[in-house]
Amino acid sequence: MSISIPLFKVHMPSSAAPALAATLASGQLALGANVEAFERGLADYTGNPRVNAMSDVSGALTLALFIAGVRPGDEVIVSPMVCLATSMPIANLFARPLWCDVDPATGMLDPARIAALVTPRTRAILAYHWSGDVADLEALQSAARSNGLALIEDASEAFGAEYRGRKLGNHGSDFCVYSFAAVRQITTGEGAALFCSSALHHAQARQLRRYGIHQASFRLSSGDLNPESDIAVPGFNFCMNNVAATIGLAQFPQVEDIVSRQRANGRHFDGALAGSAGITLLARREDAVSGYWTYSLRAERRADLMRKLQQEGIGCQRLHVRNDGYSCFAHLRREHALPGVDRFDRENLSIPCGWWLTIEERERIVACIRAGW
């Protein structure tokens, strides 16, 4: 049977097409006014004005790690239960992920396991907000401070999520990254945002995301290049462009509706699936609100449940597989040292929770699961 209730779906308002046509006709396609407007919208939404619009989430994480001081041979504490876009920036800086166990109740970093991993080469903790749920930020920030480490939040899946009444990206962690890839809550086609807690890091990110160029002095008043403008630290090419920003700007009017729909779906599943045989619902913090990118849970005999859901036309998948299983990380494996990861990886499953779900489709998903498999 074909999938009639997709796990992921692109949100693209009708207003995007004419806005794109105007941008394309303008001839100003690279970094420019639309990117700046998109940044202002994100600043207003999160309450943190220190935001840089980026080309993609891996670029944003690479830049955060670099500014945090991660260099070849250094180490970053991270869970193996993350997206490849999260772990690969560590390797691309020729650093090493230190695989940390997760709490199987949440799928996210267990702060109590961090201190034992720290070495003189450890520079940062990279915390992943699983499927839009919110990690234990207070404990993670305490662990970072006590060990002299930077804390980088990967909130790729957590747009709209809140912790203690404020949006992620505005809680004092050194860096927080959002993703605006194709099937996120809002999309720019491909893109990301890097939030900084300090003005210094924000200024560094703005310069390093574009080759390390000092924009104010790079060109003369005539428009010619300024040979006196220096580049002290070689940078990257991680800027968002005006085309991507135009798509993102078209979606801001629908942001609150998208977020509220996903929350309503997630909260419905929280109640309707509670007590279902063979299902363990994830523990979600009382002082936080999930972004509910998907509805993530743990399932016994996961393959059998997936088969049943797919036969009923309901999209589902394990959200991510453990990254320490890839051969590129074989030299870093910690056999039998991550029991929480072992369990969570064996059982994690995501079902649709997006803005597109109808009430009838929600009930169809619940009935399919509660009937057993």
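Keeping to the range 80-129, report how many residues are of a type in the set (Phe, Trp, Tyr) and within 21 Å of Phe236 (Cβ to Cβ).
1
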Looking at Ala95, Ala139, Ala60, Ala43, which one is farther than 26 Å from Arg267 by Cβ, touching a helix residue (DSSP H, G or I) at 6+ places or on another chain (Cβ under 8 Å), among the aliphatic types (A, V, I, L, M) and open to solvent by less than 40 Å² (accessible area, probe 1.4 Å)?
-> Ala95
The number of residues in the range 167-220 that are hydrophobic (A, V, I, L, M, F, W, C) and surrounded by fewer than 18 Cβ atoms within 10 Å (Cβ to Cβ) is 9
Within the range 252-275, residues buried (at least 21 other Cβ atoms within 10 Å of the Cβ) and within 19 Å of the chain's Cα centre (by Cα) come out as Val259, Gln262, Gly266
Looking at Gly278, Gly223, Gly248, which one is open to solvent by less than 50 Å² (accessible area, probe 1.4 Å), over 19 Å from Arg40 (Cα atoms) and either touching a Cys at 6+ places or on another chain (Cβ under 7 Å) or at pLDDT 95 or above (or both)?
-> Gly278
Just one of Asn323, Asn348 is surrounded by 14 or more Cβ atoms within 10 Å (Cβ to Cβ) and either free of Cβ contacts under 8 Å to residues at least 24 places away in the same chain or closer than 19 Å to Ile279 by Cα (or both); which is it?
-> Asn348
Given the residues Ala299, Ala288, which is the only one that is more than 30 Å from Phe94 (Cα to Cα), open to solvent by less than 10 Å² (accessible area, probe 1.4 Å), within 24 Å of the chain's Cα centre (by Cα) and not polar (S, T, N, Q)?
-> Ala299
Within the range 12-48, how many residues are in contact with a Phe, Trp or Tyr (Cβ under 7 Å, 6 or more places away or on another chain) and within 23 Å of Thr358 (Cβ to Cβ)?
-> 0
Selection status of Val233, open to solvent by less than 50 Å² (accessible area, probe 1.4 Å), at negative phi and of a type in the set (Val, Ile, Thr) = no
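Give the residues of the range 243-277 that are farther than 23 Å from Gly372 by Cβ and of a type in the set (Phe, Trp, Tyr), sorted by residue number.
The one that is farther than 23 Å from Gly372 by Cβ and of a type in the set (Phe, Trp, Tyr): Phe252.
Check Ala264, Ala244 and return the single one that is hydrophobic (A, V, I, L, M, F, W, C) and free of Cβ contacts under 8 Å to residues at least 12 places away in the same chain. Reasoning before the result, please.
Details: Ala244 fails: free of Cβ contacts under 8 Å to residues at least 12 places away in the same chain.
Being hydrophobic (A, V, I, L, M, F, W, C) and free of Cβ contacts under 8 Å to residues at least 12 places away in the same chain holds for just one of Ala264, Ala244, which is Ala264.
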Between residues in the range 25-41 that are closer than 22 Å to Ile213 by Cα and at pLDDT below 95 and residues that are open to solvent by 80 Å² or more (accessible area, probe 1.4 Å) and not hydrophobic (A, V, I, L, M, F, W, C), which pairs lie under 8 Å by C-beta distance while being six or more apart or on different chains?
-> Leu31/Arg210
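The values are calculated or read from the model by the stated rules, or taken from the named source; none is laboratory data. Keep in mind the model is a prediction, meaning the values are calculated, not measured. Virtual Cβ from ideal backbone geometry, glycine too; neighbours counted across all protein chains shown. Surface areas here come from the heavy atoms of the whole protein model, side chains and all, with no ligands, DNA or RNA. Shrake-Rupley method; radii C 1.70, N 1.55, O 1.52, S 1.80 Å.
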